[in-house]
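*Asks:* Would you mind keeping the following structure in view while I ask a few things?
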Amino acid sequence: MSSPGIADFLARLSARDQAAAWLAGELLEAGWSVRRLDGPLQMDVWQLLLDRGACSVRFGMERGRSDGVHVADRADGFRPLAEAMAGSAQGGTLLAEDPTAVFHWLTQQSEGAAP
């Protein structure tokens, strides 16, 4: 998290979606790579893409609102985190309710299981 751009994004995201900002920070601390950081662009648009192993996660904001967390799906691009988790043992776990469970699920996905 040494980049000022990432720190700026996380601070802005935290004010709008504390659980998503926490998750992004935890993934960065766990060694996930920053593939892309865009922002701020017109209309307060930001995007942070993190990668680890076979897993990619997107955090974004548009017009000052969080887009939520999205997980890469090789066939269809990115899909919402809850949808990606639906078929797993943690299906139905909401980020706001149990961010640690979501962090562990993403860690498992990055270690080889396709989301």
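The values are calculated or read from the model by the stated rules, or taken from the named source; none is laboratory data. In this text the structure is predicted, and so the values were computed from the model without any measurement. Ideal geometry is used to build each Cβ from the backbone, glycine not excepted, and the neighbour counts take in all protein chains shown. Areas reflect the complete protein model, heavy atoms only, side chains present, ligands, DNA and RNA absent. Shrake-Rupley method; radii C 1.70, N 1.55, O 1.52, S 1.80 Å.
*Asks:* Using only helices, what value at 222 nm comes out for the chain when you add -39,500 (n - 2.57) per DSSP H run of length 4 or more and divide by the total residues, to the nearest 500 deg cm²/dmol?
*Replies:* Result for the chain: -11000 deg cm²/dmol, rounded to the nearest 500.
*Asks:* Length gain on complete extension for the stretch Glu111 to Ser33, per 0.36 nm per residue less the alpha carbon to alpha carbon distance?
*Replies:* Taking Glu111 through Ser33 to full extension adds about 26.7 nm, to one decimal.
*Asks:* Would you be so kind as to identify which of Ile6, Ala30, His104 lies farthest towards the positive end of the dipole of the chain, taking Lys and Arg as +1 and Asp and Glu as -1 on Cβ and the Cα centre as origin?
*Replies:* Of the options given, the answer is Ile6.
*Asks:* Moving on to the next point. Treating the beta-carbon of each Lys and Arg as +1 and of each Asp and Glu as -1, no other charges, what is the dipole magnitude of the chain about its Cα centre, to the nearest 20 debye?
*Replies:* I would put it at about 220 debye.
*Asks:* Share of the chain's accessible area from carbon and sulfur, percent, 1.4 Å?
*Replies:* C and S fraction of accessible area: 47 percent.
*Asks:* Now for a different question. Find out how many positive minus negative residues lie around Leu95, taking Lys and Arg as positive, Asp and Glu as negative, among other residues whose Cβ is under 12 Å from that of Leu95.
*Replies:* -4
*Asks:* Which of the peptides 54-62, 28-36, 11-19 is most tightly packed, and how do the rest follow, going by the mean number of other Cβ atoms within 10 Å of each residue?
*Replies:* In decreasing order of mean packing, 54-62, 28-36, 11-19 become 54-62, 11-19, 28-36.
*Asks:* So, one more: Ignoring ligands, DNA and RNA, what accessible area per residue does the chain give at 1.4 Å, in Å²?
*Replies:* Value for the chain: 52 Å² per residue.
*Asks:* I would also like to ask the following. Any idea what Rg and Dmax come out to for the range 4-104 if you just take the C-alpha atoms, in Å?
*Replies:* 12.9, 39
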